[in-house]
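These notes concern the structure reproduced below.
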Protein chains: 2
Amino acid sequence: MRSYGQYCAAARALDVVGDRWSLLIVRELLLRDCRFADLRTGLPGIATNLLTDRLRALEGAGVLERHAAPPPVATVLYRLTDRGRALEGVLAELALWGVADMARGAEGDVVCGHWVALAAPVMFRGADLAALAPLTVALDAEGTAITLTVEPDGIRAALGAPEGPADVHLAGTMHAVMGTLLGAPGAEGLAQVDGDREALRRLAARSTAPLGLRG
Amino acid sequence: MRSYGQYCAAARALDVVGDRWSLLIVRELLLRDCRFADLRTGLPGIATNLLTDRLRALEGAGVLERHAAPPPVATVLYRLTDRGRALEGVLAELALWGVADMARGAEGDVVCGHWVALAAPVMFRGADLAALAPLTVALDAEGTAITLTVEPDGIRAALGAPEGPADVHLAGTMHAVMGTLLGAPGAEGLAQVDGDREALRRLAARSTAPLGLRG
DNA sequence: CTGCATCCGCTTCGATACTG
DNA sequence: CAGTATCGAAGCGGATGCAG
């Protein structure tokens with residue numbers, strides 16, 4: 001990206017990650033290490049040459065590293081460095097601000113279930129969940145498995161099904177799953193809930209998301 | 001901006017503020033309401049047509065409002081809405097991440113003293129300042145007056161000189177001022193300090209900034 | 001002066017085709 | 001699968017002009 005040429009902390013950050021697509025690449029890599037093809041499917045619409053350019057630029061800036069994967073995969077994996085992982089706060093704040101826009105639904109937008117893993121922790125940031133923890137929620141958003149771990153001071157999200165048994169299972173479209181987590185009226189009817197329904201309801205009641213889906 | 005077309009909270013946010021310059025416009029307006037010309041000087045390098053475009057887009061997105069200023073000014077002021085002010089967290093996280101880049105100095109970059117008002121609170125986020133508060137620091141960064149108010153759980157920054165007397169006065173280039181606030185070795189010699197030098201030193205010792213300037 | 005429109009050269013983006 | 005090459009479209013930056 002063309003530098004803003006300003007001696008300002010925010011502008012310096014945007015010099016590195018302010019390019020179109022750059023922060024969304026970081027979003028994907030925050031959830032898991034990715035191959036080139038994984039990034040393509042997680043970033044629907046990106047041109048391959050742009051993805052190549054961005055990966056090179058972010059590698060040059062020390063945000064991510066190319067990593068030769070062991071024999072079973074036998075290809076290059078892209079992985080965030082510590083410096084890149086430090087962008088988690090930026091993505092979280094963006095997601096927090098953007099959640100208000102999610103109420104209007106997906107409309108024509110592409111939906112990937114794994115994006116819930118970014119939004120879910122954000123919707124409960126600062127919430128007091130001590131009375132609920134420990135709690136394991138197994139999500140199935142648009143067919144993608146995500147495990148939410150409710151801890152006293154927040155929620156952690158990981159891709160994949162939980163290793164042990166889950167207290168609640170919540171499945172449905174991304175909109176239904178998010179709405180249910182936020183306790184939006186009517187949302188629970190759109191999703192499929194199994195297990196400790198009541199714990200899920202108490203969790204939703206403690207959401208700190210700013211507006212929007214909670215209607 | 002062309003929409004990413006993704007039903008993801010972060011992508012939805014970037015649909016609104018992901019354009020070049022957009023977040024920097026918000027940065028300026030977080031510090032004060034601005035006229036068109038104020039924005040131009042606070043955003044060195046922006047083309048006037050782009051500024052016009054961005055202002056219209058952000059107004060349409062509900063991020064800012066045009067506001068007819070009373071007779072003494074007699075022009076339009078641009079002001080953030082509540083929705084726009086909610087972007088403070090995004091700017092703060094960006095600044096936090098970008099502070100690490102400030103160590104290499106301004107090089108050829110334009111410097112505006114008022115940008116310190118964004119960085120200063122960020123450099124002490126989460127710090128325990130109870131032993132220091134209340135403390136008022138009068139900054140003069142590149143000739144721009146900024147008031148830092150040290151409170152038990154963090155620092156607030158405002159443009160302009162303090163209303164009452166300040167405990168410490170700190171003046172110098174932006175690099176020197178930031179370095180002194182962070183306790184970078186040698187930085188204090190580059191800045192001019194008057195008043196409670198020791199309080200300033202104790203403040204610097206509690207900075208939570210992640211690296212960089214602290215050397 | 002303020003706020004904006006218009007023009008132009010250049011860079012970047014997006015879509016698709018193609019190669020190792 | 002992991003990119004590279006290409007090309008038209010869109011966006012950016014800078015200069016200039018102009019109405020209120």
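Within the group A:111, A:76, which residue is in the same structural domain as residue A:209 (by TED's automatic domain parsing), open to solvent by less than 60 Å² (accessible area, probe 1.4 Å), in contact with a strand residue (DSSP E or B) (Cβ under 9 Å, 6 or more places away or on another chain) and farther than 30 Å from residue B:116 by Cβ? Walk me through how you get there before you give the answer.
Details: A:76 fails: in the same structural domain as residue A:209 (by TED's automatic domain parsing).
Only one candidate passes the filter, namely A:111.
Quick one: in segment A:21-65, of everything that is in contact (Cβ under 8 Å) with a residue 12 or more places away in the chain and among the basic types (Lys, Arg), which residue is farthest from residue A:2 (Cα to Cα)?
Result: A:32.
I'd like to check which helices (runs of 4 or more DSSP H) are fully inside segment B:72-133 and have at least 2 residues that are of a type in the set (Val, Ile, Thr). Walk me through how you get there before you give the answer.
Details: elements: B:82-85, B:88-98, B:116-122.
Those helices (runs of 4 or more DSSP H) span B:116-122.
With within 10 Å of DNA strand C (Cβ to nearest atom) and in contact with a Ser or Thr (Cβ under 8 Å, 6 or more places away or on another chain) as the only criterion, which of A:2, A:20, A:40, A:35 stands out?
Values: A:2 fails: in contact with a Ser or Thr (Cβ under 8 Å, 6 or more places away or on another chain); A:20 fails: in contact with a Ser or Thr (Cβ under 8 Å, 6 or more places away or on another chain); A:35 fails: within 10 Å of DNA strand C (Cβ to nearest atom).
One residue alone meets the criteria, A:40.
Residues in segment A:56-69: is at least one within 14 Å of DNA strand C (Cβ to nearest atom) and on the phi > 0 side of the Ramachandran plot?
No, every residue in segment A:56-69 fails to be within 14 Å of DNA strand C (Cβ to nearest atom) and on the phi > 0 side of the Ramachandran plot.
Hey, among the residues in segment B:101-114 that are modelled with pLDDT of 90 or more and more than 8 Å from chain A (Cβ to nearest Cβ), which one's farthest from residue B:143 (Cα to Cα)?
Result: B:114.
Could you please give the count of residues in segment B:1-52 that are more than 13 Å from DNA strand D (Cβ to nearest atom), under 20 Å from residue A:95 (Cα atoms) and among the β-branched types (Val, Ile, Thr)?
Here the count works out to 2.
Give A:208, A:180, A:136 a once-over and let me know the one that is open to solvent by less than 70 Å² (accessible area, probe 1.4 Å), outside any loop (DSSP other than H, G, I, E, B), among the hydroxyl-bearing types (Ser, Thr, Tyr) and closer than 20 Å to residue A:99 by Cα. Steps first, please.
Working: A:208 fails: outside any loop (DSSP other than H, G, I, E, B); A:136 fails: closer than 20 Å to residue A:99 by Cα.
Answer to the check: A:180.
One line per residue, one yes/no per condition, for (1) of a type outside the set (A, V, I, L, M, F, W, C); (2) over 14 Å from the mean Cα position of the chain (by Cα); (3) in the same structural domain as residue A:191 (by TED's automatic domain parsing); (4) at pLDDT below 95:
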residue: A:117; (1), (2), (3), (4): no, no, yes, no
residue: A:121; (1), (2), (3), (4): yes, no, yes, no
residue: A:127; (1), (2), (3), (4): no, yes, yes, yes
residue: A:135; (1), (2), (3), (4): no, yes, yes, no
residue: A:155; (1), (2), (3), (4): no, no, yes, no
residue: A:158; (1), (2), (3), (4): no, no, yes, no
residue: A:167; (1), (2), (3), (4): yes, yes, yes, no
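Yes or no, residue by residue, for (1) within 19 Å of residue B:46 (Cα to Cα); (2) over 18 Å from the mean Cα position of the chain (by Cα):
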site: A:3; (1), (2): yes, yes
site: A:6; (1), (2): yes, yes
site: A:12; (1), (2): yes, yes
site: A:19; (1), (2): yes, yes
site: A:26; (1), (2): no, no
site: A:31; (1), (2): no, no
site: A:35; (1), (2): no, no
site: A:42; (1), (2): no, no
site: A:47; (1), (2): no, yes
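Quick check on segment A:12-23. Is at least one of its residues within 14 Å of another protein chain (Cβ to nearest Cβ), assigned to a loop (DSSP other than H, G, I, E, B), touching a Phe, Trp or Tyr at 6+ places or on another chain (Cβ under 7 Å) and open to solvent by less than 60 Å² (accessible area, probe 1.4 Å)?
Restricting attention to segment A:12-23, the residues satisfying the condition of being within 14 Å of another protein chain (Cβ to nearest Cβ) are A:12-23.
Next cut, assigned to a loop (DSSP other than H, G, I, E, B) only: A:18-21.
Subsequent filtering for residues that are touching a Phe, Trp or Tyr at 6+ places or on another chain (Cβ under 7 Å) retains none.
Within segment A:12-23, not a single residue is within 14 Å of another protein chain (Cβ to nearest Cβ), assigned to a loop (DSSP other than H, G, I, E, B), touching a Phe, Trp or Tyr at 6+ places or on another chain (Cβ under 7 Å) and open to solvent by less than 60 Å² (accessible area, probe 1.4 Å).
The values are calculated or read from the model by the stated rules, or taken from the named source; none is laboratory data. These numbers come from a predicted model, not from an experiment. Every residue, glycine among them, receives a Cβ derived from its backbone with ideal geometry; neighbour counts consider all protein chains shown. Side chains are part of the model used for accessible areas, which takes the heavy atoms of the whole protein and leaves out ligands, DNA and RNA. Shrake-Rupley method; radii C 1.70, N 1.55, O 1.52, S 1.80 Å.
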